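The values are calculated or read from the model by the stated rules, or taken from the named source; none is laboratory data. Keep in mind the model is a prediction, meaning the values are calculated, not measured. Note that we place each Cβ from the backbone using ideal geometry, even for glycine, and neighbour counts take in every protein chain shown. Surface accessibility is based on the protein's heavy atoms, side chains included, excluding ligands, DNA and RNA. Shrake-Rupley method; radii C 1.70, N 1.55, O 1.52, S 1.80 Å.
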Amino acid sequence: MCQSKLFDTYDMFVKVDDDVLYDPDHLSDVISRMDIAEHAMLGFLRLDNSNVVWANGPIYAYSASVLRWLCSNEAALNRTRGTYEDVRFGHAVSLNPQVQYYNADGVFDPVYHLQYRSSRMFVQFMQYGRCKNVKD
């Protein structure tokens with residue numbers, strides 16, 4: 001993404017796990033309320049013992065300015081490599097003190113996560129976040 005300079009083409013970037021269902025219209029509505037002209041990051045955010053913010057799991061979004069900064073900062077970019085890319089990405093972004101965080105907890109409706117029960121492909125849907133239109 002850095003070499004292709006996609007940050008010059010798009011305003012926001014969204015990373016979604018391959019086993020997550022989400023409502024694109026709701027995501028668009030949430031993003032429209034963010035100040036994406038600034039360094040902005042949206043996600044299920046957590047704070048670790050070192051006061052480092054990290055993104056958690058199924059979906060997160062970040063502005064073009066965050067990607068532009070990350071691509072120009074080799075030390076931060078190196079932190080994104082490896083397993084648990086959501087955590088690593090959040091740690092890298094937290095090196096930028098200008099980032100404005102938007103927590104998706106209680107904001108994303110609906111977000112589901114699939115649960116794979118066995119290698120025989122039994123799949124069960126479970127509620128990941130708060131869902132307005134789902135009956136129990």
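Taking the conditions (1) of a type outside the set (Phe, Trp, Tyr); (2) buried (at least 16 other Cβ atoms within 10 Å of the Cβ); (3) modelled with pLDDT of 90 or more in turn, Pro58 satisfies each one other than (3). Cβ-Cβ contacts under 7 Å between residues 6 or more apart (or on different chains), taken from a first residue in segment 13-28 that is in contact (Cβ under 8 Å) with a residue 12 or more places away in the chain to a second residue that is open to solvent by less than 50 Å² (accessible area, probe 1.4 Å) and of a type in the set (D, E, K, R), are listed as His26/Asp109.
Each row is one residue, and each column tells you yes or no for (1) touching a Gly at 6+ places or on another chain (Cβ under 7 Å); (2) under 22 Å from Phe7 (Cα atoms); (3) at pLDDT below 75; (4) open to solvent by less than 30 Å² (accessible area, probe 1.4 Å).
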site	(1), (2), (3), (4)
Met34	no, yes, no, yes
Ala37	no, yes, no, no
Leu47	no, no, yes, no
Arg68	no, yes, no, no
Arg88	yes, yes, no, no
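Helices (runs of 4 or more DSSP H) fully within segment 1-104 that include at least 2 residues being among the acidic types (Asp, Glu): 24-32, 85-93.
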